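In what follows, a single structure is set out as structure tokens and then discussed.
The values are calculated or read from the model by the stated rules, or taken from the named source; none is laboratory data. If you're wondering where the values come from, they're calculated on a predicted model, not measured in any experiment. We place every Cβ from the backbone using ideal geometry, glycine too, and count neighbours over all the protein chains shown.
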Amino acid sequence: MKTEDLETKNYWTQRYKEERTGWDIGHPSAPLKTYFDQLKDKELTILIPGAGNAYEAEYLYNNGFKNVYVMDISKSPLEAFKKRNPTFPESQLIQGDFFTHNSKYDLIIEQTFFCSFPPLEDTRKAYAKQMANLLNTNGKLVGLWFDFPLTEDLEKRPFGGDKTVYLSYLKPYFKIKTFETCYNSIPNRNELFGIFIKQ
């Protein structure tokens, strides 16, 4: 494992140990739950990267979506997820680096992942490219992106952005089905809800 990957892994593991997980709402977010509830094809192969405690994966799995893969760079949230969901296949819990992952999926769920790593130009470009690489033809990237200004502070997560910024990274790889202010976010959380289709 490269030094920067090890540092990232240790950073997140420490945050989980210290319970410094302010983004964790303890249940599936309403916008994603609403989206899941209209999905008809339960055979979809779904990835949730940077999943943390992965309440969305739990909800999907308990509602008949059996091809759900949970990824996090830290082992801690994966162990907590397995404890909560003992019947969930261990082979579908992936401890690893999103940027080097190489499977294919029909659907990838974005939930506070993009805004979790430092907002460096190269990293954000790599995120968009890797999302496209991991999707099958016509696969979808669906989820929530924080809608607040990006500051100069490279230590204080989550890191923000706005619609124009996010589209600048995603447009080269995706057709935009929708990307609008989310009407059913939790209070005081400004988010954009997006559905992007791999070109």
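Assorted remarks:
- First in region 61-80 and on the phi > 0 side of the Ramachandran plot, second anywhere and surrounded by fewer than 18 Cβ atoms within 10 Å (Cβ to Cβ) and at pLDDT 95 or above, Cβ under 7 Å, 6 or more apart: Gly64/Lys42
- Meets criteria (crowded, with 21+ Cβ neighbours inside 10 Å, within 17 Å of Phe196 (Cα to Cα), at pLDDT 95 or above and of a type in the set (A, V, I, L, M)) for Val70: no
- Condition check for Cys115 on (1) surrounded by 15 or more Cβ atoms within 10 Å (Cβ to Cβ); (2) in a loop (DSSP other than H, G, I, E, B); (3) of a type outside the set (A, V, I, L, M): one failure, at (2).
- For region 170-193, the condition holds for at least one residue, the condition being that it is over 23 Å from Thr34 (Cβ atoms), at pLDDT 90 or above and surrounded by 13 or more Cβ atoms within 10 Å (Cβ to Cβ).
- Residues in region 67-85 that are part of a strand (DSSP E or B) and within 19 Å of Asp97 (Cβ to Cβ): Tyr69, Val70, Met71, Asp72.
- Sole residue being on the phi > 0 side of the Ramachandran plot, of a type outside the set (Asp, Glu) and in a strand (DSSP E or B), chosen from Gly143, Gly194: Gly143
- Residue check, Tyr173 over 23 Å from Asn63 (Cβ atoms) and of a type in the set (Phe, Trp, Tyr): yes
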